[in-house]
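*Asks:* One structure follows; several queries about it will come next.
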Amino acid sequence: MKNSVAFGQYCEGKSFLHKMDPRWKLVLAVFYIVVIFLCKNIFTFALVALSAIGLVALSEINPKIIIRSLKPLVMIICVTAIINIFWLKGETLLFSFGPISVYLEGIINAFLIVVRVILLVSVTTLMLTYTTTPIALTDGLEQLLAPLAKIKLPVHEFSMMMTIALRFIPTLLEETEKIMNAQRARGADFSTGSLKQRAKALVPILIPLFISAFRRAEELAIAMECRCYTGGEGRTRMNVLHSSYRDLVGLIVTVLLCLAVVLINKFAPGYRISM
Amino acid sequence: MAEIQIKDLSYIYGKGTPYEMKALDNVNITFGDNMITGLIGHTGSGKSTLVHMLNGLLRPDSGQVILGGKDIWADPKKISSVRFRVGLVMQYPEYQLFDETVKKDIAFGPKNMGMKPEEIEKAVSEAVKFAGLRPELIEKSPFDLSGGQKRRAALAGVMAMKPEVLVLDEPAAGLDPGARREILSRIRDYQRESGTSVIIVSHSMEDMAMYCDRVVVMSHGTPVMEGTPAEVFSRADELFSVGLDVPEVTKVARALKECGVDIGLDIYTVKFALGRLLGGGEI
């Protein structure tokens, strides 16, 4: 119940990043990802990492929270790092042990890839989930995709579906916990036994969960119809999105960052990341 | 069969986060053996948290839950055996139904306990009888039942485990008055016949007055009053101050007293009031 609070990723705040227009944030986040992938050597990575630290400062979010968001990735990061260390052949052999040989290049490469993964995750979560409410995010996405409605893509319906899905994640989590408790009270055991037994133990949770999700969906549909919801056509918004000087600043900084990365890639020497 | 003793129990939700909230604060209650205890309190008073403690769904931060003389968390690995001894019927328990037929669903608990097939058969048919489900319904899918029937099926699902202590969180919430009365009187009959201890959480003062032998009043995570319904409901002002109420008939007695007709304030059922008014004991 109260334990699932941590799931609502959005962190309340009034910082520069919070106040940016979600449309621009989406665009700039994509741009930023491109910039991260453009990075080829240590200098560019250092520059981008520095800008990411600047972003964290700008968001006024406790860095601890951002580090915590990386925790689920530890496994992936370790695996990529290990594969890279042993896989890559280079010139400077550090040591070899039977068929396994480790090169300096492999270690540098692994390090850079890890930095890349961390940057990708932290920047996107920072710009999108931590400083933007899910509603603002889907709103922004809807407006960005609005031109696609001209070729008959159901953009509004799509974003409405996304908003509803996001809205119901905490509700469903709570529901799951309730059902689990009820079945536990009847002696169901979810944590011991073989894989097959555990999978079977999920049936008494999944069936009631599906049933209540369908019921909820139907009730929601009726409630929406009662309030005359007919889809996107002619619908106005309560919160109209406005771009501000912040978005312009964001754009300029990102463009400059991109230019700097391209230039450094071109002229600075140093080890180049492969992959 | 067994009494549950709560000793210095405290529980905090979201410990160590900014959302920390003290749900139970040093609670000491004894739920007596072979009787129906009512647990009342305003929303957020910690009733449901307390109920989740009784069968080990939540682990106390400090303090003990003592069932039949033993701390239930003495051996955390054996907590599931405590859940068989203390049957918990949750609020709106209909959502726990999942199996193909009502019968199979009721057998879920007994099966988890490792009962033999013939024992299960017997336990199920007894539970069906106690819950007042019509026998022809038990081969149906639980999702084809009406709301009241689903409630009974869910109730039977817990009763079939033959718990020593039966805990019911708002067993009659959302039912029509007829079904409400029937379910509650069936619970009382079950208690009288089986000699188990029953704990009922409810917001309805009338139900508490009608069906409970003892009443415990919770407010802000601690019990503030305890006693027989007559004792508790005669202290109406204290009940009002913790956001609760007294049965309508108790209010009538209070109004009568103000008009100069004193029939006592420890009145909590209509029968009882009538007895006093006609000059005598309960009729």
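The values are calculated or read from the model by the stated rules, or taken from the named source; none is laboratory data. Since this is a predicted model, take the numbers as computed values, not measurements. Please note: Cβ atoms are built from the backbone with ideal geometry, for glycine as well, and neighbour counts cover all protein chains shown.
*Asks:* Which one is surrounded by the most Cβ atoms within 10 Å (Cβ to Cβ), of the residues in the range B:53-97 that are more than 14 Å from chain A (Cβ to nearest Cβ) and among the aliphatic types (A, V, I, L, M)?
*Replies:* Looking at the filtered set, the residue picked out is B:65.
*Asks:* I would also like to ask the following. Which residue pairs have Cβ atoms under 8 Å apart, sit 6 or more places apart or on different chains, and have a first residue in the range B:207-233 that is in contact (Cβ under 8 Å) with a residue 12 or more places away in the chain and a second that is surrounded by fewer than 19 Cβ atoms within 10 Å (Cβ to Cβ) and hydroxyl-bearing (Ser, Thr, Tyr)?
*Replies:* Correct list of pairs: B:209/B:269; B:210/B:269; B:211/B:185; B:213/B:228; B:214/B:228; B:215/B:228.
*Asks:* Here are some conditions: (1) out of contact with any His (no Cβ under 8 Å at 6 or more places or on another chain); (2) more than 15 Å from residue B:31 (Cβ to Cβ); (3) of a type in the set (Ser, Thr, Tyr). Residue B:228 meets all but one. Which one does it not meet?
*Replies:* If we test residue B:228 against (1) out of contact with any His (no Cβ under 8 Å at 6 or more places or on another chain); (2) more than 15 Å from residue B:31 (Cβ to Cβ); (3) of a type in the set (Ser, Thr, Tyr), just (2) comes out false.
*Asks:* Right, next: Can you name the residue in the range A:127-164 that is touching a Gly at 6+ places or on another chain (Cβ under 7 Å) and assigned to a helix (DSSP H, G or I) and, of all such residues, is nearest to residue A:55 (Cα to Cα)?
*Replies:* The residue in question is A:156.
*Asks:* Something else about it: Within the group B:185, B:197, which residue is over 27 Å from residue A:215 (Cα atoms), modelled with pLDDT of 90 or more, surrounded by fewer than 19 Cβ atoms within 10 Å (Cβ to Cβ) and in contact with a helix residue (DSSP H, G or I) (Cβ under 9 Å, 6 or more places away or on another chain)?
*Replies:* Sole residue among the options that is over 27 Å from residue A:215 (Cα atoms), modelled with pLDDT of 90 or more, surrounded by fewer than 19 Cβ atoms within 10 Å (Cβ to Cβ) and in contact with a helix residue (DSSP H, G or I) (Cβ under 9 Å, 6 or more places away or on another chain): B:185.
*Asks:* Let me ask you something else. Enumerate the pairs (first residue in the range A:6-35 and under 24 Å from residue A:71 (Cβ atoms); second residue anywhere and among the basic types (Lys, Arg) and surrounded by 14 or more Cβ atoms within 10 Å (Cβ to Cβ)) with beta-carbon separation below 9 Å, excluding pairs fewer than 6 apart on the same chain, so at least 6 apart or on different chains.
*Replies:* Pairs found: A:17/A:25; A:17/A:246.
*Asks:* Hey, can you tell me all the residues within the range B:82-102 that are out of contact with any helix residue (DSSP H, G or I) (no Cβ under 8 Å at 6 or more places or on another chain) and outside any loop (DSSP other than H, G, I, E, B)?
*Replies:* Scanning the range B:82-102 gives B:82, B:85.
*Asks:* Related question: Only one of B:131, B:173 is away from chain A (no Cβ under 13 Å), hydrophobic (A, V, I, L, M, F, W, C) and surrounded by fewer than 17 Cβ atoms within 10 Å (Cβ to Cβ). Can you tell me which?
*Replies:* Of the residues listed, the single one that is away from chain A (no Cβ under 13 Å), hydrophobic (A, V, I, L, M, F, W, C) and surrounded by fewer than 17 Cβ atoms within 10 Å (Cβ to Cβ) is B:173.
*Asks:* Next question, about the same structure. Hey, does the range A:148-167 have a residue that's out of contact with any Leu (no Cβ under 6 Å at 6 or more places or on another chain), farther than 21 Å from residue A:235 by Cα and among the aromatic types (Phe, Trp, Tyr)?
*Replies:* Looking through the range A:148-167, none of the residues is out of contact with any Leu (no Cβ under 6 Å at 6 or more places or on another chain), farther than 21 Å from residue A:235 by Cα and among the aromatic types (Phe, Trp, Tyr).
*Asks:* Inside the range B:50-81, can you point out the residues that are in a helix (DSSP H, G or I), over 18 Å from residue B:214 (Cβ atoms) and modelled with pLDDT of 90 or more?
*Replies:* Result: B:52, B:53.
*Asks:* Looking only at the range A:144-151, decide whether some residue is under 30 Å from residue B:91 (Cβ atoms) and either without any contact (Cβ under 8 Å) to a residue 60 or more places away in the chain or not basic (Lys, Arg) (or both).
*Replies:* no
Every residue, every condition in (1) closer than 29 Å to residue B:9 by Cβ; (2) touching a Pro at 6+ places or on another chain (Cβ under 7 Å); (3) of a type outside the set (Ser, Thr, Tyr), yes or no:
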residue: B:81; (1), (2), (3): yes, no, no
residue: B:97; (1), (2), (3): no, yes, yes
residue: B:113; (1), (2), (3): yes, no, yes
residue: B:117; (1), (2), (3): no, no, yes
residue: B:121; (1), (2), (3): no, no, yes
residue: B:133; (1), (2), (3): no, no, yes
residue: B:139; (1), (2), (3): no, no, yes
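*Asks:* With A:231, A:193 as the choices, which residue is modelled with pLDDT under 90, within 14 Å of chain B (Cβ to nearest Cβ) and surrounded by 10 or more Cβ atoms within 10 Å (Cβ to Cβ)?
*Replies:* Unique residue meeting the criteria: A:193.
*Asks:* Moving on. Restricting attention to the range A:35-66, and to residues there that are assigned to a loop (DSSP other than H, G, I, E, B) and of a type in the set (A, V, I, L, M, F, W, C), which single residue is nearest to residue A:116 (Cα to Cα)?
*Replies:* A:39
*Asks:* Let me ask another. Looking at the range B:27-47 only, could you name the residues that are under 20 Å from residue B:92 (Cβ atoms) and buried (at least 19 other Cβ atoms within 10 Å of the Cβ)?
*Replies:* Selection gives B:38, B:39, B:40, B:41, B:45, B:46, B:47.
*Asks:* Mind listing just one residue for me: the one in the range B:100-115 that is surrounded by fewer than 18 Cβ atoms within 10 Å (Cβ to Cβ) and in contact (Cβ under 8 Å) with a residue 12 or more places away in the chain and, of those, nearest to the chain's Cα centre (by Cα)?
*Replies:* B:101
*Asks:* Determine if the range A:232-246 includes at least one residue that is hydroxyl-bearing (Ser, Thr, Tyr) and more than 30 Å from residue A:20 (Cα to Cα).
*Replies:* no
*Asks:* For residues in the range A:183-206 being among the β-branched types (Val, Ile, Thr) and assigned to a helix (DSSP H, G or I), which is farthest from the chain's Cα centre (by Cα)?
*Replies:* A:203
*Asks:* Next question. Can you confirm whether the range A:165-174 contains a residue that is without any contact (Cβ under 8 Å) to a residue 40 or more places away in the chain and either in a loop (DSSP other than H, G, I, E, B) or within 12 Å of another protein chain (Cβ to nearest Cβ) (or both)?
*Replies:* No.
*Asks:* So for the range B:14-34 (the condition being out of contact with any Gly (no Cβ under 6 Å at 6 or more places or on another chain), β-branched (Val, Ile, Thr) and within 14 Å of chain A (Cβ to nearest Cβ)), does at least one residue qualify?
*Replies:* Yes, some residue in the range B:14-34 is out of contact with any Gly (no Cβ under 6 Å at 6 or more places or on another chain), β-branched (Val, Ile, Thr) and within 14 Å of chain A (Cβ to nearest Cβ).
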